[in-house]
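The values are calculated or read from the model by the stated rules, or taken from the named source; none is laboratory data. These figures come from a predicted structure and were not determined experimentally. Using ideal geometry, Cβ is built from the backbone for each residue, glycine included, and neighbour counts are taken over all protein chains shown.
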Amino acid sequence: MARDTLTGSRIRERRLFLELRQAALARQVDISASYLNLIEHNRRRIGGKLLVNIARVLRVEPSMLTEGAEVALIATLREAAVDAGKPVAELDHADEFAGRFPGWAEVLAGEHRRVATLERTVQVLSDRLTHDPHLAASLHEVLSTAAAIRSTASILAETGELEPEWRDRFHRNLNEDSRRLAESSRALVNFLDDSTTSAESRGVPQEEMEAFFTSHNYHFGAIEQGRSSPAELVAAAPELLSDAARTIALDILELYRADAETMPLAKISRAVKGGIAPGELAADFHCGLPQVLRRLAALPEDILGRQAGLVMCDASGAILFRKPIVGFALPRFGASCPLWPLFAALAQPMVPLRRQVVQHGRHAAEFECLAVAWPQEQPNFDRDPMYRAVMLILPQADSPHDAQAVGSSCRVCVARDCAARREPSILDEGF
Amino acid sequence: MGRHVVLIEDEPNIIEAIRFLLTREGWTVDAHSDGSDAVDVIKAANPDLVILDLMLPGKSGMEIIKDLRDEESLHRLPVLMLTARGQARDREMAEKAGVSRFMTKPFSNAEVLTAVRDLHAQANQE
């Protein structure tokens, strides 16, 4: 039922909320109770002066009765029904439900949003617990030290006649291990404590680097204008604490500078005004497609005219750099979905690939992915080339019918019967 | 003839505690901390039992157990695996790889002694 035909349902709901009898309302707006009954059951259209009068008695704006629940609320209800994974016979009546029971609809929509937030948290924590080498090493350290303490304390407590030499040695071990346990536990808590914003808690170089790029919104005006070198920016970055993070960030910024020199901001801003045509840009600026894709992702949204995500990997598939984009989940750690065009490009170096994709998940949005792999160094007869691949991710306004379904990473992907699956999903019903 | 165990573990104080416990039970304990040459050490020692940590420098306990099971002479050697990773799938992976018994850290001394006695008794019955 269309939303604008549910005015009667909303009038009824509001009247019942105010505990106003049908006859009483009818009397106040000078119509019969039977006619109001027909209106409330959506069997008579209502508008004009009568609508205004009813709205006045019900103490709401007329638009609240004609437009009903917010579009976003109804969209969330439909999304909740789809995500439930079970056929909902009343799916077409979501707006009627929202109109008649706005309070309950808000509760359902709120719970649905909460589930989505929790799922995202699970995804982040799962990524971290599964693939974060720093965390795995910290946990191993804590548990191994605890094992040593338990075993040593047990010997001291349970062994009746213990030679003085052994006893002294175990006391010493206990002292050492308890100190180690205190230190490693504190380090682990600091690492896990997301409430602090201190960079020390990030712990892994990629996270430091990501915090650095995020703080600049992935665009570096100082490099564009030649005011600062990559090394100067890296040296001054409070987010980059470790040498590893500084090294990685410097490599990426050097690429950035080279791309910016080849395609100066003013020129490429003019070039993308008519649309994004990477092939033409490569020809105009006499450079390769990988450079163009990287450069496009580095442009501010107001220049590019749309959001853009980017991901780069090496030949092993390890993610070297990621610029996230809403709706296309890029795992922070560990292996990504092998169905991404990025990896197809690795299998066909120097062949540009353009794929329409949609990512499995709650907010399935469509994207155009442009990917290409290139040799990292000048090809040489003496050794095999080392390839890297880059993929520009552009949101699509229209939904292509033949979009290729891809995931984020297997652990948080709900796709069933996927030939590329490496491991079960923790979001499956069994989780 | 004395009983002989090779302990592959990189935590020195765990080595010390287990060495103490098993020595008092009549075992000879050879300890080694590096995973990379652990298989060679075990082959050379030809022990009655191996206690193997999962996370080791050089080579993981899982790789070591797979290499051991590929060796005809070590195919039936009892292996007790100690690990900080105690999830069901870790246990399943270890058992599939050929681990005789799986024990999560932090363990009790009694658990270790019971496991060692059981594994040795089973090996002697076969």
Can you say whether B:Arg3 is touching a residue at least 12 places away in the same chain (Cβ under 8 Å), more than 13 Å from every other protein chain (Cβ to nearest Cβ), within 23 Å of B:Ser108 (Cα to Cα) and surrounded by fewer than 20 Cβ atoms within 10 Å (Cβ to Cβ), as far as the supplied structure shows? yes
Residue satisfying all of: in segment A:415-430; of a type outside the set (D, E, K, R) and modelled with pLDDT under 75; surrounded by the most Cβ atoms within 10 Å (Cβ to Cβ) among these: A:Ser425
Every residue in segment A:308-353 that is without any contact (Cβ under 8 Å) to a residue 40 or more places away in the chain and small (Gly, Ala, Ser), please. A:Ser316, A:Gly317, A:Ala318, A:Ala344, A:Ala347
Test: A:Ala298 is in contact (Cβ under 8 Å) with a residue 60 or more places away in the chain and buried (at least 20 other Cβ atoms within 10 Å of the Cβ): yes
Here is a check on your reading of the model: is B:Met55 within 14 Å of chain A (Cβ to nearest Cβ), surrounded by 14 or more Cβ atoms within 10 Å (Cβ to Cβ) and touching a Phe, Trp or Tyr at 6+ places or on another chain (Cβ under 7 Å)? no
From A:Leu143, A:Leu135, grab the single residue that is surrounded by 12 or more Cβ atoms within 10 Å (Cβ to Cβ), within 14 Å of another protein chain (Cβ to nearest Cβ), modelled with pLDDT under 75 and under 17 Å from B:Met55 (Cα atoms). A:Leu135
Residues (facing chain B (nearest Cβ under 9 Å) and within 25 Å of A:Ala136 (Cα to Cα)) located in segment A:159-179: A:Asn173, A:Leu174, A:Glu176, A:Asp177
Being in contact (Cβ under 8 Å) with a residue 24 or more places away in the chain and exposed (fewer than 11 other Cβ atoms within 10 Å of the Cβ) is the filter here; which residues of segment A:364-385 pass it? none
Flag if A:Gly203 is surrounded by fewer than 17 Cβ atoms within 10 Å (Cβ to Cβ), at pLDDT below 95 and either out of contact with any strand residue (DSSP E or B) (no Cβ under 9 Å at 6 or more places or on another chain) or part of a loop (DSSP other than H, G, I, E, B) (or both): no
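Residue by residue, here is whether (1) under 30 Å from A:Glu176 (Cα atoms); (2) among the polar types (S, T, N, Q); (3) surrounded by fewer than 20 Cβ atoms within 10 Å (Cβ to Cβ); (4) touching a Lys or Arg at 6+ places or on another chain (Cβ under 8 Å) holds:
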{"position": "B:Ile15", "(1), (2), (3), (4)": "yes, no, no, no"}
{"position": "B:Ile18", "(1), (2), (3), (4)": "yes, no, no, no"}
{"position": "B:Ser33", "(1), (2), (3), (4)": "yes, yes, yes, no"}
{"position": "B:Asp37", "(1), (2), (3), (4)": "yes, no, yes, no"}
{"position": "B:Lys43", "(1), (2), (3), (4)": "no, no, yes, no"}
{"position": "B:Val50", "(1), (2), (3), (4)": "yes, no, no, no"}
{"position": "B:Arg69", "(1), (2), (3), (4)": "no, no, yes, no"}
{"position": "B:Gly98", "(1), (2), (3), (4)": "no, no, yes, yes"}
Can you tell me how many residues within segment B:81-106 are facing chain A (nearest Cβ under 10 Å) and in contact with a Phe, Trp or Tyr (Cβ under 6 Å, 6 or more places away or on another chain)? 0
Between a residue in segment A:146-158 that is at the interface with chain B (Cβ under 7 Å from one of its Cβ atoms) and touching a residue at least 40 places away in the same chain (Cβ under 8 Å) and any residue that is hydrophobic (A, V, I, L, M, F, W, C) and surrounded by fewer than 21 Cβ atoms within 10 Å (Cβ to Cβ), which pairs come within a Cβ distance under 6 Å, given they are 6 or more apart or on different chains? none
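Rundown of residues vs (1) under 13 Å from the mean Cα position of the chain (by Cα); (2) more than 14 Å from chain A (Cβ to nearest Cβ), yes/no style:
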position: B:Asp10; (1), (2): yes, no
position: B:Leu21; (1), (2): no, no
position: B:Gly26; (1), (2): no, yes
position: B:Asp30; (1), (2): yes, yes
position: B:Ser36; (1), (2): no, yes
position: B:Ala44; (1), (2): no, yes
position: B:Val79; (1), (2): yes, yes
If I filter segment A:364-384 for residues that are closer than 25 Å to A:Asp83 by Cα and either not in a strand (DSSP E or B) or not assigned by TED's automatic domain parsing to the domain that holds A:Ser409 (or both), do I get at least one hit? yes
